[in-house]
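First the structure, in the form of structure tokens, and then the observations on it.
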């Protein structure tokens with residue numbers, strides 16, 4: 001076999017690059033363009049072992065993601081679009097910035113809030129934690145945990161403060177249950193869940209119908225018409241914490257030893 005250096009032209013006799021393709025704008029009945037190989041996510045997973053250092057930078061178009069990723073290399077593929085293979089890190093990456101909308105099943109949960117860019121936000125677990133059982137807020141200590149944050153993203157710090165104060169990251173109370181929750185998808189385990197703040201829990205309630213529908217379509221379950229714990233402690237009474245009635249949207253303060261439901265969230 002012999003090789004030679006050349007420039008290839010399609011639609012032109014004077015190519016200026018390794019491969020130059022010219023369209024035919026004068027022929028309106030002919031579609032111009034270059035088409036990358038089209039695969040479903042399941043089809044790419046089935047041939048994942050074929051990709052190595054020699055395939056660094058190759059491009060494919062994923063046209064169906066109905067079957068979730070089963071391989072670590074394709075864990076980032078959650079929506080249709082163009083993806084390229086990064087052999088150095090052995091991972092497929094999107095060629096464009098991925099944006100999300102409320103109701104998407106993505107980032108191992110259900111999107112219920114996004115920032116102005118659409119690239120970052122919050123997802124809810126697709127089912128209540130602790131098997132849907134009710135659980136107390138505290139681990140037996142009626143002290144000021146300083147978990148007073150009530151805004152977006154505040155639940156993560158609240159959860160850390162509660163666990164530090166209560167002395168045990170266990171499944172015996174709400175914050176511990178959320179912190180111990182994990183989801184494994186595409187060979188990757190996500191363990192960065194937390195008990196939502198007052199605002200975060202309220203955002204879930206506002207999008208309850210959407211979350212319920214997406215959860216049901218993805219093997220999960222909807223919210224009960226019951227009380228759910230937030231991670232926000234009462235500002236002036238450390239024996240109380242905030243809970244939300246998912247039956248009517250009403251906010252109340254409950255004693256920390258009261259048992260209510262829990263739904264974990266994570267940020268992305």
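So, residue 87, is that one closer than 18 Å to residue 185 by Cα, at pLDDT 90 or above and surrounded by 14 or more Cβ atoms within 10 Å (Cβ to Cβ) or not? When the stated conditions are applied, residue 87 does not pass them.
Conditions tested, residue by residue: (1) surrounded by 18 or more Cβ atoms within 10 Å (Cβ to Cβ); (2) free of Cβ contacts under 8 Å to residues at least 24 places away in the same chain.
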site: 213; (1), (2): no, no
site: 222; (1), (2): no, yes
site: 236; (1), (2): no, yes
site: 239; (1), (2): no, no
site: 247; (1), (2): no, yes
site: 263; (1), (2): yes, no
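Just give me the residues in the stretch 13-33 being part of a loop (DSSP other than H, G, I, E, B) and either in contact with a strand residue (DSSP E or B) (Cβ under 6 Å, 6 or more places away or on another chain) or within 21 Å of residue 74 (Cα to Cα) (or both), in sequence order. Show your work before the answer.
Taking the stretch 13-33 and keeping what is part of a loop (DSSP other than H, G, I, E, B), we get 13-18, 22-33.
15, the sole residue that qualifies.
Taking the stretch 189-201 as the range and being under 23 Å from residue 149 (Cβ atoms) and surrounded by fewer than 17 Cβ atoms within 10 Å (Cβ to Cβ) as the test, the residues that pass are 191, 192. Here the condition is being under 17 Å from residue 143 (Cβ atoms) and outside the structural domain of residue 66 (by TED's automatic domain parsing); of 247, 176, 216, it holds for 176 alone. So if I check each of 63, 54, which one is within 30 Å of residue 186 (Cα to Cα), surrounded by fewer than 14 Cβ atoms within 10 Å (Cβ to Cβ) and in contact with a strand residue (DSSP E or B) (Cβ under 8 Å, 6 or more places away or on another chain)? Only one candidate qualifies: 63.
Number of residues in the stretch 184-223 that are assigned to a loop (DSSP other than H, G, I, E, B) and modelled with pLDDT under 95: the value is 2. Applying the criterion of being without any contact (Cβ under 8 Å) to a residue 24 or more places away in the chain and assigned to a loop (DSSP other than H, G, I, E, B) to the residues of the stretch 68-84, the residue that is surrounded by the most Cβ atoms within 10 Å (Cβ to Cβ) is 76. Residue-level check: of (1) part of a helix (DSSP H, G or I); (2) assigned by TED's automatic domain parsing to the domain that holds residue 233; (3) free of Cβ contacts under 8 Å to residues at least 24 places away in the same chain, residue 119 misses just (1). Take the conditions farther than 18 Å from residue 95 by Cβ and modelled with pLDDT under 95 and apply them to residue 48. Does it pass? Criteria not met by residue 48.
The values are calculated or read from the model by the stated rules, or taken from the named source; none is laboratory data. The shown structure was predicted, so the numbers you read here are calculated from the model rather than taken from an experiment. Because the Cβ atoms are built from the backbone with ideal geometry, glycine has one as well, and the counts that use them run over all protein chains shown.
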